[in-house]
1. On a 1.4 Å probe surface of the protein chains, which of Ile48, Ile31 comes out largest in accessible area, and what is the full order?
2. Keeping the other protein chains in place, figure out the carbon and sulfur percent of the accessible area of the chain, with a 1.4 Å probe.
3. Any chance you could count the Lys pairs in the chain whose alpha carbons are under 21 Å apart, treating pairs 8 or more apart or on different chains as valid?
4. Report the FRET efficiency, 1/(1 + (r/R0)^6), for Ala37 and Glu158, where r is their Cβ-Cβ distance and R0 is 35 Å, rounded to 0.05.
5. Calculated from DSSP H runs of 4 or more alone, at -39500 (n - 2.57) each and per residue, what is the 222 nm mean residue ellipticity of the chain, nearest 500?
6. Give the accessible surface of region 15-123 per residue, rounded to a whole number of Å², with probe radius 1.4 Å and ligands, DNA and RNA excluded.
Amino acid sequence: MSEVKAYVAEGKIGRVLVARLLPGQDVVEGIMELIKARNFHSGSITAIGSLRSAKVVWAGSMEFGDNPMDVAVFHEMAGPVELGGANGVFGIGEDGEIVLHVHGMIMDKDGVMRCGNLLPGSAPVLATVELTIQEFEGLEMQPTLDPKWKHKFLHPVETAG
């Protein structure tokens with residue numbers, strides 16, 4: 001049996017927050033505000049709903065170079081669009097700011113689907129977005145610089161408790 005190449009930490013689910021974001025609220029910004037308001041430190045999110053528009057970004061190359069955004073593909077989708085699903089994880093950076101990595105699966109009114117990192121400020125709610133935020137206990141998602149990719153990724157690290 002071969003060794004799994006991964007960063008691994010074991011913990012459990014703590015508090016669970018369920019919310020409905022109202023029309024006009026940006027999805028990513030709303031999630032971050034809920035995380036702050038409830039003082040969550042690390043966890044995961046899920047969401048579904050309808051949006052007025054959305055912008056996603058994904059890697060456009062196998063090599064990032066010095067700046068991952070140099071090879072990123074940005075795709076803006078005019079509404080109405082469906083948020084078929086969003087999943088992500090979050091942690092707190094050294095500066096105390098929330099680091100949220102969330103991917104959205106977005107379908108436009110013609111049935112064209114895109115998936116990628118959902119950008120803050122690009123995804124206002126049309127009718128509703130229902131979401132869950134699950135807190136991690138016994139582990140933290142820590143933003144850590146990956147020397148190969150020259151980019152910070154969230155790594156799970158076990159904590160006391």
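The values are calculated or read from the model by the stated rules, or taken from the named source; none is laboratory data. These numbers were taken from a predicted model, which means no experiment stands behind them. When we count neighbours, we look across all protein chains shown, and the Cβ atoms used for this are built from the backbone with ideal geometry, even at glycine. Protein only, heavy atoms only, side chains kept; ligands, DNA and RNA dropped before computing areas. Shrake-Rupley method; radii C 1.70, N 1.55, O 1.52, S 1.80 Å.
1. Order by accessible area, largest first: Ile48, Ile31.
2. Whole-percent figure for carbon plus sulfur exposure: 55.
3. 6
4. Computed FRET efficiency for Ala37 and Glu158: 0.85.
5. Helix-only estimate at 222 nm: -2500 deg cm²/dmol.
6. 53
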